[in-house]
Amino acid sequence: MKRFSTCTPVEHATLRLITMVAYEGAEVIDVTGPLDVFALANHIQCESGAAEPLYRIEIAAKTGDGIIVTSSGIRLLSDRAWGDCSGIDTLLVPGGPAAEQAPEELVDWVRQMAPVVRRVGSICTGAFILARAGLLDGRRATTHWSRAEQLRRRHPQIEVDEDAIHAKDGSVYTSAGITAGIDLALALVEEDHGKSLALDVARLMVLYFKRPGGQSQFSTPLLAQFREGGSLAPTLQWMQENYRRDLDNETLAAHAAMSLRNFARIFKREVGTTPARFIEQIRLEAAVKLLEETSQSVEAVARECGFQSGEHLRLTFARRFGITPGQYRARFRSETG
């Protein structure tokens with residue numbers, strides 16, 4: 001993997017040390033994707049004429065200089081054994097098919113290291129390792145959508161947010177499936193060194209900068225596609241075409257030709273959320289598109305997307321994404337908008 005560095009060599013103590021855990025059966029993109037973000041941040045820093053890079057990057061495994069076979073069969077070479085690690089700034093734990101059965105010695109080591117590092121994070125199902133280490137107890141966390149319910153059942157003390165691309169709770173970070181680890185790494189670079197550098201990294205990686213951490217892992221059209229063939233498929237499609245209308249549960253139940261109680265029960269079962277939440281998500285997605293692509297005021301966007309007022313949109317936007325519509329537009333608006 002690329003570890004760009006054209007800077008003048010400096011003492012390691014001046015760098016933030018990013019340590020990525022590796023184990024047999026880990027997902028290779030969970031490991032290499034986030035690390036390339038930090039490596040590219042170094043590359044940009046050095047290309048700017050700086051005397052030293054920003055990060056030192058290492059892969060830590062059971063044994064130093066050992067070979068780790070990932071879930072795809074691609075082999076990685078470790079830099080250091082778990083027990084020999086020190087001076088870690090950020091400890092990251094990848095997911096993969098083997099994450100839920102990761103060795104206990106790895107879980108113990110992560111548990112021991114968490115209090116002495118500045119931050120610890122997981123990619124995808126690496127959240128199960130953090131959970132086993134007790135690091136997610138009483139915290140909000142996310143993981144791959146297909147494992148969210150399993151994480152919730154196994155660890156009921158965790159507030160599992162299956163919607164989030166990535167989540168931060170104190171010094172503990174979690175991220176959703178696979179490539180969301182890159183989103184998380186970009187967020188960490190922004191946290192360390194500002195938006196401008198993170199944006200430059202995203203450009204080099206030909207990525208959108210950036211999906212808000214609170215943004216859903218699924219768009220509502222994709223959710224609707226997953227439910228094709230279900231009893232609510234026609235109503236879901238109708239909701240997407242009529243989100244500007246006042247869509248209360250009575251109206252939706254009538255469209256589905258169901259009693260109100262039966263409609264609410266089946267909607268939750270088939271869609272995995274409430275009708276109000278689903279409509280809200282449709283409207284937010286429409287608002288995001290207008291904020292990115294037009295110069296319409298927040299009040300005009302709100303009217304266009306079915307919100308009661310500009311203030312209603314602001315409150316809903318802040319609750320779901322953690323930023324205001326104005327802040328979102330300033331960050332993410334297309335230059336051609």
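The values are calculated or read from the model by the stated rules, or taken from the named source; none is laboratory data. Predicted, not measured: the structure shown is a model, and the values here were computed from it. Counting neighbours? That spans all protein chains shown, and the Cβs are built from the backbone with ideal geometry, glycine included.
Would a scan of the range 69-78 turn up a residue that is part of a strand (DSSP E or B) and touching a residue at least 40 places away in the same chain (Cβ under 8 Å)? Quick ask: steps written out before the conclusion?
First pass over the range 69-78, keeping only residues part of a strand (DSSP E or B): 69, 75-77.
Of the ones still in play, those that are also touching a residue at least 40 places away in the same chain (Cβ under 8 Å) are 69, 76.
Checking the range 69-78: at least one residue is part of a strand (DSSP E or B) and touching a residue at least 40 places away in the same chain (Cβ under 8 Å).
Going through Phe263, Phe278, Phe307, Phe321 one at a time, which residue ends up being assigned by TED's automatic domain parsing to the domain that holds Pro234 and touching a residue at least 60 places away in the same chain (Cβ under 8 Å)?
Values: Phe263 fails: touching a residue at least 60 places away in the same chain (Cβ under 8 Å); Phe278 fails: touching a residue at least 60 places away in the same chain (Cβ under 8 Å); Phe307 fails: touching a residue at least 60 places away in the same chain (Cβ under 8 Å).
Going through Phe263, Phe278, Phe307, Phe321 in turn, the sole match is Phe321.
Evaluate the following for Leu40: is it without any contact (Cβ under 8 Å) to a residue 40 or more places away in the chain, more than 20 Å from Ile129 (Cβ to Cβ) and assigned by TED's automatic domain parsing to the domain that holds Leu130?
Working: without any contact (Cβ under 8 Å) to a residue 40 or more places away in the chain: no; more than 20 Å from Ile129 (Cβ to Cβ): yes; assigned by TED's automatic domain parsing to the domain that holds Leu130: yes.
For Leu40, the condition - without any contact (Cβ under 8 Å) to a residue 40 or more places away in the chain, more than 20 Å from Ile129 (Cβ to Cβ) and assigned by TED's automatic domain parsing to the domain that holds Leu130 - is not met.
Run down Pro53, Pro97 and say which single residue is assigned by TED's automatic domain parsing to the domain that holds Gly121 and under 19 Å from Arg16 (Cα atoms). If you could, list the steps in order and put the result at the bottom.
Values: Pro97 fails: under 19 Å from Arg16 (Cα atoms).
It is Pro53.
In the range 305-314, which residues are surrounded by fewer than 16 Cβ atoms within 10 Å (Cβ to Cβ) and assigned to a helix (DSSP H, G or I)? Give the steps one after another, and end with the answer.
Initial filter on the range 305-314 (surrounded by fewer than 16 Cβ atoms within 10 Å (Cβ to Cβ)): 308-309, 311-312.
Residues satisfying the conditions are Glu311, His312.
Looking only at the range 270-284, decide whether some residue is among the hydroxyl-bearing types (Ser, Thr, Tyr) and over 21 Å from His312 (Cβ atoms).
Quick first cut of the range 270-284, residues among the hydroxyl-bearing types (Ser, Thr, Tyr) only: 273-274.
Still in the list and also over 21 Å from His312 (Cβ atoms): none.
Checking the range 270-284: not a single residue is among the hydroxyl-bearing types (Ser, Thr, Tyr) and over 21 Å from His312 (Cβ atoms).
Kindly check whether there is at least one residue in the range 99-114 that is within 30 Å of Arg203 (Cα to Cα) and touching a strand residue (DSSP E or B) at 6+ places or on another chain (Cβ under 7 Å).
The answer is no; no qualifying residue exists.
Only one of Tyr243, Tyr328 is in contact (Cβ under 8 Å) with a residue 60 or more places away in the chain, part of a loop (DSSP other than H, G, I, E, B) and closer than 24 Å to Asp161 by Cβ; which?
Tyr243
Which one is farthest from Ile123 (Cα to Cα) among residues in the range 89-106 that are at pLDDT 95 or above and buried (at least 20 other Cβ atoms within 10 Å of the Cβ)?
Among residues in the range 89-106 that are at pLDDT 95 or above and buried (at least 20 other Cβ atoms within 10 Å of the Cβ), the one farthest from Ile123 (Cα to Cα) is Leu106.
Among the residues that make up the range 293-300, is at least one of them exposed (fewer than 14 other Cβ atoms within 10 Å of the Cβ), closer than 30 Å to Arg140 by Cα, of a type in the set (S, T, N, Q) and at pLDDT 90 or above?
no
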